[in-house]
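To start, the structure under review is shown below, and the notes come after it.
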Amino acid sequence: MIRLPSFSAPLLALLVLAAPSAAAAEAGDILVQAGHEGRPASCAVHHVKACNLGTGANGAREREWTAQVADVTTRVLRDRGYAVLRRPADYDGSDTVRAAVFLHFDGAAPCASGASVGFPATTSRAFVDAWEGRYRAWFPYRFVGENFTKNEHGYYGFRKVDAPQKMLIEFGEMTCPAQFAWMAPRLHEMGALLAAFLMEQVPR
Ligand SMILES: [Zn+2]
């Protein structure tokens with residue numbers, strides 16, 4: 001429950017109209033998108049035809065995990081003075097940042113997958129290598145590859161942001177029981193790891 005000051009109705013309407021849309025084009029240091037977050041509700045609003053709701057396992061949804069990790073990363077970065085654009089799956093406008101990351105967990109035939117990354121050709125090799133090195137040192141399961149699906153290489157989110165570095169991260173496979181059990185208690189640590197990587201790559 002949010003208590004509003006007692007504005008008159010016309011004044012309140014004016015304030016609402018004048019408020020910047022949460023989804024307007026903005027500039028910042030880093031964009032963090034939580035994959036599938038806000039769906040399915042956001043698909044109709046934004047005319048998204050392929051409304052991919054993400055994977056899940058044991059009652060946990062991918063879009064809840066991506067939001068948890070994204071929130072930790074965002075909080076750590078903001079505490080360090082970074083301007084973070086925290087985005088859900090669907091939003092209007094396009095942003096400008098120095099690095100953009102799009103967070104996902106994979107779903108597959110059990111244990112056929114693992115961690116991976118996707119990125120456009122403009123993203124630097126050094127950026128990708130730095131993440132892979134850091135993540136492989138922490139994640140004890142398979143790293144299945146780079147741009148191994150068309151979805152990862154041509155991710156729609158890449159087109160909504162202007163950034164020299166853009167990368168989709170699959171942290172691991174939720175549908176693999178061993179990976180699920182390992183990741184479930186480490187979502188906070190995962191978000192902190194991603195923040196440390198971004199601070200290294202995008203110095204203040
Ligand atoms: Zn996903």
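The values are calculated or read from the model by the stated rules, or taken from the named source; none is laboratory data. These numbers come from a predicted model, not from an experiment. With ligands, DNA and RNA removed, areas are computed over all heavy atoms of the protein, side chains included. Shrake-Rupley method; radii C 1.70, N 1.55, O 1.52, S 1.80 Å.
Annotation: amide H of Leu168 within the under-5 Å range of Phe102, Gly118, Phe119, sequence separation 5 or more or interchain, hydrogens built in the peptide plane. With a 1.4 Å probe and every protein chain kept in, tell me what percent of the accessible surface of the chain is carbon plus sulfur. Carbon plus sulfur share of accessible area: 58 percent.
Heavy-atom accessible surface of the chain, averaged per residue, reaches 50 Å², computed with a 1.4 Å probe. Listed by chain and number, the aspartates and glutamates whose alpha-carbon sits under 12 Å from that of Lys49, ignoring those within fewer than 8 places in the same chain, are Asp90. Normalised by residue number, the volume inside the convex hull of the Cα atoms of the chain is 144 Å³ per residue.
Could you tell me whether the range 123-175 comes out rounded, prolate or oblate from its Cα gyration tensor? Rule is a ≥ b ≥ c as square roots of the eigenvalues, rounded for a/c under 1.5, then prolate if a/b exceeds b/c, otherwise oblate. Judged from the Cα gyration tensor, the range 123-175 comes out oblate (a/c at least 1.5, b/c at or above a/b).
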